[in-house]
1. For segment 74-101, what are the residues that are of a type outside the set (D, E), out of contact with any helix residue (DSSP H, G or I) (no Cβ under 7 Å at 6 or more places or on another chain) and surrounded by 13 or more Cβ atoms within 10 Å (Cβ to Cβ)?
2. Could you list, ordered by first residue, the pairs with Cβ atoms under 9 Å in which the first is in segment 19-41 and over 22 Å from F78 (Cβ atoms) and without any contact (Cβ under 8 Å) to a residue 12 or more places away in the chain and the second is acidic (D, E) and surrounded by 13 or more Cβ atoms within 10 Å (Cβ to Cβ), at least 6 apart or interchain?
3. For segment 5-15, state whether one or more residues are of a type in the set (V, I, T), farther than 26 Å from S127 by Cβ and modelled with pLDDT under 95.
4. Quick check on F62: is it at pLDDT below 90 and either loosely packed, with under 13 Cβ neighbours inside 10 Å or not hydroxyl-bearing (S, T, Y) (or both)?
5. Check F133, F107 and return the single one that is modelled with pLDDT of 95 or more, in a strand (DSSP E or B), out of contact with any Ser or Thr (no Cβ under 6 Å at 6 or more places or on another chain) and not hydroxyl-bearing (S, T, Y).
6. Tell me, yes or no, whether segment 38-50 has at least one residue that is modelled with pLDDT of 95 or more, touching a Phe, Trp or Tyr at 6+ places or on another chain (Cβ under 8 Å) and surrounded by 13 or more Cβ atoms within 10 Å (Cβ to Cβ).
7. What helices (runs of 4 or more DSSP H) completely inside segment 1-92 contain at least 3 residues that are under 24 Å from S143 (Cα atoms)?
8. Considering segment 110-125 alone, what residues qualify as being modelled with pLDDT of 70 or more, over 18 Å from E139 (Cβ atoms) and of a type in the set (A, V, I, L, M, F, W, C)?
Amino acid sequence: MRIAFTGPESTGKTTLSKWLSTELSDTIFIPEFAREYLEERKIVRASENDFRAIVKRQCSLFNQTESNAHHIFDTDIFVLRVWNDEVFKLKLPELEILPSYGMNIHFLCAPDVEWEEDSLRSAPAQSERGRLFEKYKIELRNSQVNFIILSGSLDEKKSLILSSIQDNSF
């Protein structure tokens with residue numbers, strides 16, 4: 001099963017994806033490459049060239065084919081698509097929704113958690129995170145992928161994730 005977390009920044013994607021990777025057996029966790037890339041280079045804002053490198057590497061991670069039963073992705077193609085649309089507006093074929101990137105389910109994290117300061121984050125206003133959340137919903141719907149919105153307390157989100165996976169309710 002391939003499971004991805006998506007949504008605006010500071011909505012719990014990393015927290016939830018790391019947690020889920022410890023809850024399921026035979027799991028590989030795939031972190032968000034953009035964070036690794038930017039932190040390693042001590043860059044706060046990506047240039048177009050940085051973004052192209054990030055997209056190339058992250059997309060190669062989407063194509064991982066290890067034999068693990070579960071692949072948990074801390075990000076997905078929609079994060080890259082929205083980031084591109086908001087900042088770069090580049091025509092990149094890698095950002096097309098390809099079957100090879102196919103996730104069984106995307107968990108869209110609502111911006112209902114407190115903002116956590118981070119040098120790589122740029123949208124602390126609740127209204128901005130809400131606007132971006134709506135953009136993610138539109139992208140996911142238009143792409144006709146399976147997704148579930150995660151909102152509420154951390155325990156409520158965890159419970160919904162586990163029940164969705166167990167019930168295959170997607």
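The values are calculated or read from the model by the stated rules, or taken from the named source; none is laboratory data. It should be emphasised that the depicted structure is a prediction, and the values quoted were computed from it without experimental measurement. Cβ atoms come from the backbone with ideal geometry, glycine included; neighbour counts cover every protein chain shown.
1. V79, W83, V87, L98, listed by residue number.
2. Short answer, once both residue conditions are applied: R41/D50.
3. Checking segment 5-15: not a single residue is of a type in the set (V, I, T), farther than 26 Å from S127 by Cβ and modelled with pLDDT under 95.
4. Numbers: at pLDDT below 90: yes; either loosely packed, with under 13 Cβ neighbours inside 10 Å or not hydroxyl-bearing (S, T, Y) (or both): yes.
Yes; evaluated as a whole, the condition is true for this residue.
5. Numbers: F133 fails: in a strand (DSSP E or B).
On inspection, the qualifying residue turns out to be F107.
6. The answer is yes, given that some residue of segment 38-50 is modelled with pLDDT of 95 or more, touching a Phe, Trp or Tyr at 6+ places or on another chain (Cβ under 8 Å) and surrounded by 13 or more Cβ atoms within 10 Å (Cβ to Cβ).
7. So the answer is 13-23, 48-62, 77-83.
8. V113, A125
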